[in-house]
Amino acid sequence: MKVNLKKKLKNVNFWILAFKLCFVFGQKKIIVIDPGHGGIDLGAIGIGNIQEKDIVLKVAKEVLRLNKTLLNDRFSIYLTRYNDTLISLNNRVNLARSLKADLFVSLHCNASSTTSRGMEVYIHNSNNPNTEPSTNLGLSILNEVAKNLNFEARGIKYSNFYVLRYTIAHCPSTLLELGFVTNVHEAHYFLKPMNIKALSLAVLIGIYNYL
Ligand SMILES: [Zn+2]
């Protein structure tokens, strides 16, 4: 009888463990990071010919790497592009929708006068149940970047960008204008690999804190 009871208890423990593992893996959030532009679409071109498409791809890949090395693969992160190719806006949002992503974060850089600086965050300008979560996600990232990297926080803005328009109904989504390639200080900042790492870490921790 004792042996049987032990066996039964072992079985119960096994199923509890299996259930816990299923629960943990089931909870793994799916995040789509969308580095804007690519290929023939250079995006903004700034000081010293620095190109938006290159900066955002570097940041996206670094977010992917830090999730593996620092967060032990806590999130399932997918990029809309992994190299210097142009992906249509439709394919970018379709990826998020087909993966049933929990979050969509599009990465861009700003261009304006040489004196403009700082990071701004865009949310779709509709009245949607995901508007508030999207705003909270954007704020979480913006705060992390502004607090740790001494970037000026230009705040939250609402717009009708395609990638936001077609993701907001499915999950919280935000578009980050990471900084200005036309500002000499920010362009030089983006050129240094250590700074790309710091910026990517702040973006990842902003996402982590939101979730
Ligand atoms: Zn852009």
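Aspartates and glutamates near Lys29 by alpha-carbon distance under 15 Å, same-chain residues fewer than 8 away left out - which ones?
Cα-Cα hits under 15 Å: Asp73, Asp102.
What list do you get for Glu177, Glu62, Glu186, Glu152 if you sort them by fewest beta carbons within 10 Å? Mind showing how you got there, number by number?
On the way: Glu177 22, Glu62 19, Glu186 26, Glu152 15.
By the 10 Å Cβ count, ascending: Glu152, Glu62, Glu177, Glu186.
If the only charges are +1 at each Lys and Arg Cβ and -1 at each Asp and Glu Cβ, what is the size of the charge dipole of the chain around the Cα centre, to the nearest 20 debye?
Working: 25 positive and 14 negative charges, 326 e Å.
Value, rounded to 20: 1560 debye.
Tell me, in nm to one decimal, what length is gained between Thr85 and Thr135 on full extension, where the rule is 0.36 nm per residue of separation less the Cα-Cα distance?
Extra length available between Thr85 and Thr135 comes to 15.1 nm.
In whole Hz and in residue order, list the ³J(HN,Hα) couplings for the stretch 188-196 that follow from phi through the Karplus curve 6.51 cos²θ - 1.76 cosθ + 1.60, θ = phi - 60°; x for Gly and Pro.
Values per residue, Gly and Pro as x: 5, 4, 5, 6, 8, x, 4, 6, 4 Hz.
Of the residues Gly155, Gly179, Gly138, which exhibits the maximal mean-square fluctuation in a Gaussian network model of the chain defined by a 10 Å Cα contact cut-off?
Result: Gly155 has the largest fluctuation of those listed.
Divide by every residue of the chain the summed helix terms, -39500 (n - 2.57) for each DSSP H run of at least 4, and state the resulting mean residue ellipticity at 222 nm, rounded to the nearest 500 deg cm²/dmol.
That calculation yields -15500 deg cm²/dmol at 222 nm.
Using a Gaussian network model on the chain with a 10 Å cutoff between Cα atoms, which of Lys61, Lys197, Lys28 fluctuates the most?
Lys28
Return Asp73, Asp84, Asp34 ranked ascending by Cβ neighbour count within 10 Å, so the fewest neighbours appear first. Kindly include the intermediate steps, with their values, before the conclusion.
Numbers: Asp73 11, Asp84 15, Asp34 26.
Arranged by neighbour count, lowest to highest, Asp73, Asp84, Asp34 become Asp73, Asp84, Asp34.
Students often get this wrong, so check it: of Lys28/Lys157; Lys58/Lys100; Lys58/Lys197, which have C-alpha atoms separated by over 19 Å?
Lys28/Lys157; Lys58/Lys100
Here, each number is a calculation from the coordinates, and none is a lab measurement. Quick caveat, the model's predicted, so the values are computed rather than measured. No Cβ is skipped: glycine too gets one built from the backbone with ideal geometry, and neighbour counts run over all protein chains shown.
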